[in-house]
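Remarks on the structure that follows.
Coordinate-derived values only; no laboratory data. Owing to the predicted nature of the structure, the values given are computational and were not obtained by experimental measurement. As a convention, Cβ positions derive from the backbone with ideal geometry for all residues, glycine included, and neighbour counts pool all protein chains shown.
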C-alpha cells in the first residue's frame, strides 16, 4: 500500500476525498449487493459501506466480484487497508462513513474469541489483551491518556519539575503490612507504595516536584476500588500553607476533567458520560468540610430513609458508604480535612492547637466514586517528627535521609497523591477500577 494513511478520527478533514485507512474489522453485516464493515483503528470507530455494482463497474466483473466477495467474508478483527470516499452521514453518531472502493487484507483473523455478544467478566479479564480492542475499553484508555497528558501539562504550567522517585525502597512511607517485600542482594527491600518521602527531598532541592509511576499495595482487598499495582501521581511543594495546597489540588482535578472534555470528547460520548455534569464539577467550587463536621452530619442523617451507612463516632474512620454519602450530599467533589492523627500517617503535621487532628485532606468524588486524592501538610519540625516516630516505635535509622530534610533548612511544605485509575473511573463513569488500567493486577489476578 503506497498511499499515505489517514486515521479515522481525521476523516472529517477529508470529506469528498478518497483516503486509505489501516484498520481492523470490528464487525460486519449486510446481504446481497451491500456489505457494511465496522472499522476501528485505535482512534475511533466508523462504518465502511461496499456496493457490489460499484466494484464490478470499476474493476470488471471477475475482479470486482472477487474483491466484493473478499469483503463479505472478512472475519472479525481481520486487519485491512481499506480505501474509499469519505461521506457525511447524519445517521451515524460519528457523522461520517466510507464508501469503500478497494480493500487489501493484511492479517487474517479466525475464531476470534470475543464475539459481539455478552460475555462474563472472568472470561473478558482472561482475554484482557483482546478485550482492550472493544469500543468501551478503547474509550476508557483514551480517557486515561487524556488525564496523563493533562497531568504533565498542568504541572509544567504551574512550575513543577518531574522528579522520578525509586520503585525499590528500604523503608515504608506508610503501613509496612501492605508492602511487597523482595530480596535486594541479601537485604530486604520493598516495592514502592508512594514516592512521597523521596519527593520531599526533591521539594527541598527544586521547590515544586511531581512524580508519576507504578506503585504497589499488598492489601488483600477485593473491592471495585482497589488494585495491587496502580499508577500514582505524587506532588510535593515548599512554602505553601494548607489552604493553598487545597487550592492547588482543586485546580489540578478541574484541569484533568477539562483535559478529558477537550481531548477525548468522543470517548465520553461512547461511554454515554454526562458531559454537562462533568462541566458542573469544573464550574462550581469544591466543598471543604472538617472531619468532625462530617461525622456530625453523618450522625444527623443516619436515620434518614435513603441512608445505608453504619453509625460512626468521632475518632472512627470512614467506610465507602460514608464517603459516598458525604460527597453526594454536597453534590460536588468534597475535601474532608483535619482527620484524627490516630489513623493517619506519621509524617502529617498536627492542626495548631488541636494536636489530635492533622492538617490533611481526602478529596471525595461524587456519584459513589469515593476518595481520589489524599494529601497533607508534612511535619517540618525535626524534634516533633522524632517524637512522633518514637511514639510509634519506628526505627529511625531507616529514615535518616528523611529526618535530614528537617535538619538542614526545613520549610513549611505539603503534598498529595492521586491514583490515576480512580480518577479515570470517576471521569469515565465506569463501575470498576479494573477497567481503568490496561492489565489490572488484583488479589487473584496476575495474568495476562
Eigenvalues of the alpha-carbon gyration tensor of the chain, times 5 and square-rooted, give semi-axes in Å, largest first, of 51, 23, 21
Mind jotting down the distance between the C-alpha centroids of region 120-168 and region 177-236, whole Å?
17 Å
Angle between the Cα long axis of helix 135-157 and the longest principal axis of the chain, 0 to 90 degrees, nearest 10?
50 degrees
For the chain, the longest principal axis of the Cα atoms and the Cα long axis of helix 196-206 enclose an angle in degrees, to the nearest 10, of 90 degrees
Comparing 417, 95, 370, which has the greatest mean-square fluctuation in the GNM of the chain with Cα pairs linked when under 10 Å apart?
95
For the chain, modelled as a Gaussian network with Cα springs under 10 Å, which listed residue fluctuates most, 270, 103, 372?
103
Over its alpha-carbon atoms, region 264-369 yields an Rg and a Dmax in Å of 16.0, 51
If you restrict to DSSP beta bridges whose two residues both lie in the chain, what percentage is antiparallel, to the nearest 5?
85 percent
For region 288-354 and region 378-448, compute the distance between their C-alpha centroids and round to whole Å.
20 Å
Between 349, 117, 67, where does the largest GNM mean-square fluctuation fall for the chain, given springs only between Cα atoms within less than 10 Å?
117
Value of relative contact order over the chain, rounded to a whole percent, pairs C-alpha under 8 Å and six or more apart:
13 percent
What is the distance, in nm, between label points placed 7 Å from the Cα along the Cα-to-Cβ direction at residue 314 and at residue 411?
3.6 nm
Ranked from fewest to most other Cβ atoms within 10 Å of their own Cβ, 227, 130 fall in the order 130, 227
Highest to lowest packing among 120-126, 228-234, 160-166, scored as the average C-beta count within 10 Å:
228-234, 160-166, 120-126
Percent antiparallel among DSSP beta bridges confined to region 290-448, nearest 5, equals 95 percent
What do you get for the angle between helix 291-301 and the principal long axis of the chain? Use alpha-carbon atoms, 0 to 90 degrees, nearest ten.
70 degrees
Ratio of alpha-carbon Rg to the 2.2 N^0.38 Å globular estimate for region 22-131, to two decimals, please.
1.14
For region 233-320: span of alpha carbons on each principal axis (Å, largest first)
44, 42, 22
